[in-house]
């Protein structure tokens, strides 16, 4: 299971600190930041079961930052589908 979060983390040092804590606390999670994205994305993959969203958000809050789950709604139109098939 993969969860994608929008965060307010802007500094790579803070991101590294948070990632280290995530990996120490949740040993079955793989996590990474994309700070270049406008939403400063945190991706978390659980190797076993689901991602505990509330505990993860609590850990991030502990460092003084905010995270919210990005919805995974993907709108596929017939035009998008036709374009994808023809490529």
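The number of residues in region 14-54 being within 15 Å of residue 1 (Cβ to Cβ) and without any contact (Cβ under 8 Å) to a residue 12 or more places away in the chain comes to 1. Among the numbered conditions (1) farther than 18 Å from residue 12 by Cβ; (2) free of Cβ contacts under 8 Å to residues at least 60 places away in the same chain, the only one that residue 65 does not meet is (1).
Rule-based calculations on the coordinates, nothing more; no lab input. All values reported here derive from a predicted model rather than from experimental measurement. In this analysis, Cβ positions are derived from the backbone assuming ideal geometry, glycine residues included, and neighbour counts consider all displayed protein chains.
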